[in-house]
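Reviewing the structure listed below.
The values are calculated or read from the model by the stated rules, or taken from the named source; none is laboratory data. It should be emphasised that the depicted structure is a prediction, and the values quoted were computed from it without experimental measurement. Every residue, glycine as well, gets a Cβ built from its backbone with ideal geometry; the counts of neighbours run over all protein chains shown.
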Ligand SMILES: Cc1ncc(C[n+]2csc(CCOP(=O)(O)OP(=O)(O)O)c2C)c(N)n1
Ligand SMILES: [Mg+2]
């Protein structure tokens, strides 16, 4: 069977199980958009290519399947670099297809030519420039394989216009042959035993769970391990939902804006069981001072993460789920043989911290609206399995702190890159992947302005997401740093609460919109919003600009010097 | 340099862009390379890169692991200097008047070198040797006046073991 390169590409995407592509056409990718008309694949036409990338990420976050985006050459390709980098940092499986000028004119500075493969090399797990239409099925198979196996990540396929037009003899390879790509899949029994042995003697162990748990679909295995041992669990920003927040053993989020107990438990631990986490600087604070007395068991699918920041006592390269399942077996048999140390003294220390330093804020009845109050109301009035997609800034930290994530894949955020503008398109992608769920975007006023135009996409495509703008009229997180570390010298952080008029703007984009200024209007408005299911909704919450995120570990400081912030009774 | 350098012998797929992937990785992660030589191998599907890395500024274990993550990288062998045979080629154009010429030729032949081109007032010489040896050659040529000098960067292969000492090989899965 003869197919054009473009037909072969679309057919290959179908065979890889692609149900939706986020994208926007243009000159170089035109030939590929033609067979798309006849395909079963749903295409979602975005308003900016960055939106396509973040939607694909949101889709991947929520479903675990690779997100697919397709854009043209030159400026469209550069517009999608930010989502690629974001996905690279957070190990999100993406397959991005970019058009390219005809192969015959590459290198001549042709119209809308740019070196897409060169530009995206450092932000993709791998990328391909197709030079022959006969390679298309093979490269698409390789691309999906690389994106979704081992440590997942984004990949990019650059397809020149002439390659898309030329014809090829169709085939579908039954396997991929990448001699240099062999993700680890054997787990060393000896190391599992070593790990179980360390766990069996620890008096102050903590499970430090990272995003790898979610990537490996290991939440259940993690729960079994924790319950069997009674070891407390912290979930990093990338792992929120990997262990239920309402579980007794859950200490919540550690790190720069983690809660006091999670931070301090890591710091005081004698054993850290790091599962799919990478000792990110936002978690460790000053690395030399991090968990000074702890031995380390480090499990990661990526060998390069092991020993990158902190040298572990037991290094285990492998898929988190398989490793944890093996650990569960080893622990079970060890528990039968031996008496493990009593963790009651450790737990009583932990309970004291929890009692003395809970997350805390005060909402006065007629005072300005507190962002934490808004988030708690959203949480309490929305279904338990609501998916939350956040932007980057104070609102992100409050959302992570105050939401109760009891289900995996309900928290969609930009962790490693911290990309403002992530929330709205990521929420759209998540809703496309999980139409059965309520999806709330919790966004900042600054972030919202970066990608809000995708609400036009949401209206046009009938993707009924909900957006809560925590409008504090400031680039709040930057303002907080200027207040605390730059002697309250505020430089270029004021945005205005009224410019733009968020309600009018949202309405112009086809959404239903509300404005809330006072605490008593919060709950009724959220209820109204939750009842709307046929179009996107936006609520402009006017929140107190003075509110700061606490606890806080100042940049470069030791986690032992965490500033707990206000406490109900002034702490201890 | 000689104390702290590490030689990585990297077998890669012989495909467009592989060199820039490797070079880009070094730039992005802040690793320093002393030299890099790329050559075809006995098998046309592969090329071999011999990368000499500064072990002081670049954590060699990380360098190896990060390189291993590149899809076209098939295998990496880390060769300790003592486990490897290394050679490098130097060519230099040196001022040589008629009187000096025979001295210069004697000097070069001590190092098993050759004169490969002759001009009116200068000659171009070629010497192959160990990197240390070539440092010495360059020093000895300097007084004559070097107008141009180029070195290839080293190539290396593991020393053949006649006893049973295993090679120190690093592969991504050997954690
Ligand atoms: C694309 C991008 N530009 C700049 C920053 C730096 N930055 C981090 S948080 C922040 C402020 C975000 O403001 P807003 O969305 O209003 O959130 P808030 O902190 O007020 O809740 C800025 C500018 C960033 N993370 N991403
Ligand atoms: Mg703000």
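Does the range A:430-452 contain at least one residue that is free of Cβ contacts under 8 Å to residues at least 40 places away in the same chain, more than 16 Å from ligand 1 (Cβ to nearest atom) and within 24 Å of the chain's Cα centre (by Cα)? Scanning the range A:430-452, I find at least one residue that is free of Cβ contacts under 8 Å to residues at least 40 places away in the same chain, more than 16 Å from ligand 1 (Cβ to nearest atom) and within 24 Å of the chain's Cα centre (by Cα), so the answer is yes. Within the range A:530-550, can one find any residue that is in a helix (DSSP H, G or I) and surrounded by 13 or more Cβ atoms within 10 Å (Cβ to Cβ)? Yes, some residue in the range A:530-550 is in a helix (DSSP H, G or I) and surrounded by 13 or more Cβ atoms within 10 Å (Cβ to Cβ).
On the stretch given as the range A:422-449, residues that are within 13 Å of ligand 2 (Cβ to nearest atom) and buried (at least 23 other Cβ atoms within 10 Å of the Cβ) total 8. Considered as a group, the residues in the range A:488-516 that are in contact with a strand residue (DSSP E or B) (Cβ under 9 Å, 6 or more places away or on another chain) and in a helix (DSSP H, G or I) include one that is nearest to ligand 1 (Cβ to nearest atom), and that residue is A:502. Report whether or not residue A:304 is over 24 Å from residue A:184 (Cβ atoms) and touching a helix residue (DSSP H, G or I) at 6+ places or on another chain (Cβ under 8 Å). Here the answer is no, as residue A:304 does not meet what is asked.
Scanning the range A:386-424 for residues that are within 13 Å of ligand 1 (Cβ to nearest atom), closer than 15 Å to residue A:51 by Cβ and not in a loop (DSSP other than H, G, I, E, B) yields a total of 2.
Filtered by the rule that a residue be assigned to a helix (DSSP H, G or I) and in contact with a strand residue (DSSP E or B) (Cβ under 8 Å, 6 or more places away or on another chain), the range A:517-529 gives A:519, A:522, A:525, A:526, A:528, A:529.
Residue A:191 falls short of the stated requirement of being within 14 Å of chain B (Cβ to nearest Cβ) and assigned to a loop (DSSP other than H, G, I, E, B). Is it the case that residue A:282 is under 20 Å from residue A:242 (Cα atoms) and assigned to a helix (DSSP H, G or I)? It is true that residue A:282 is under 20 Å from residue A:242 (Cα atoms) and assigned to a helix (DSSP H, G or I).
If we scan the range A:467-487, do we find a residue that is under 22 Å from residue A:92 (Cα atoms), part of a loop (DSSP other than H, G, I, E, B), more than 16 Å from ligand 2 (Cβ to nearest atom) and in the same structural domain as residue A:379 (by TED's automatic domain parsing)? Can you show your working first?
Step one: list which residues in the range A:467-487 are under 22 Å from residue A:92 (Cα atoms), which gives none.
Looking for residues that are under 22 Å from residue A:92 (Cα atoms), part of a loop (DSSP other than H, G, I, E, B), more than 16 Å from ligand 2 (Cβ to nearest atom) and in the same structural domain as residue A:379 (by TED's automatic domain parsing), one finds none in the range A:467-487, hence no.
So, in the range A:117-147, exactly how many residues are away from every other protein chain (no Cβ under 14 Å) and buried (at least 19 other Cβ atoms within 10 Å of the Cβ)? Of the residues in the range A:117-147, 4 are away from every other protein chain (no Cβ under 14 Å) and buried (at least 19 other Cβ atoms within 10 Å of the Cβ).
When the range A:220-256 is filtered for residues that are out of contact with any strand residue (DSSP E or B) (no Cβ under 9 Å at 6 or more places or on another chain) and assigned to a helix (DSSP H, G or I), the ones remaining, listed by number, are A:220, A:221, A:224, A:227, A:228.
Could you please let me know if residue A:151 is assigned by TED's automatic domain parsing to the domain that holds residue A:17, more than 14 Å from residue A:56 (Cβ to Cβ) and in a helix (DSSP H, G or I)?
Numbers: assigned by TED's automatic domain parsing to the domain that holds residue A:17: yes; more than 14 Å from residue A:56 (Cβ to Cβ): yes; in a helix (DSSP H, G or I): no.
Answer is no for this residue.
Do we find a residue being within 30 Å of residue B:119 (Cα to Cα), crowded, with 16+ Cβ neighbours inside 10 Å and either modelled with pLDDT of 90 or more or outside the structural domain of residue B:108 (by TED's automatic domain parsing) (or both) anywhere in the range B:22-33? Within the range B:22-33, none of the residues are within 30 Å of residue B:119 (Cα to Cα), crowded, with 16+ Cβ neighbours inside 10 Å and either modelled with pLDDT of 90 or more or outside the structural domain of residue B:108 (by TED's automatic domain parsing) (or both).
Can you tell me how many residues in the range A:386-421 are under 10 Å from the mean Cα position of the chain (by Cα), crowded, with 24+ Cβ neighbours inside 10 Å and farther than 16 Å from residue A:242 by Cβ? Total satisfying the criteria: 3. Does residue A:137 fit the bill of being outside the structural domain of residue A:300 (by TED's automatic domain parsing), modelled with pLDDT of 95 or more and either within 22 Å of residue B:22 (Cβ to Cβ) or not in a loop (DSSP other than H, G, I, E, B) (or both)? For residue A:137, the condition - outside the structural domain of residue A:300 (by TED's automatic domain parsing), modelled with pLDDT of 95 or more and either within 22 Å of residue B:22 (Cβ to Cβ) or not in a loop (DSSP other than H, G, I, E, B) (or both) - is met.
Can you say whether residue A:466 is touching a helix residue (DSSP H, G or I) at 6+ places or on another chain (Cβ under 9 Å), within 16 Å of ligand 1 (Cβ to nearest atom) and in contact (Cβ under 8 Å) with a residue 12 or more places away in the chain, as far as the supplied structure shows? It is false that residue A:466 is touching a helix residue (DSSP H, G or I) at 6+ places or on another chain (Cβ under 9 Å), within 16 Å of ligand 1 (Cβ to nearest atom) and in contact (Cβ under 8 Å) with a residue 12 or more places away in the chain.
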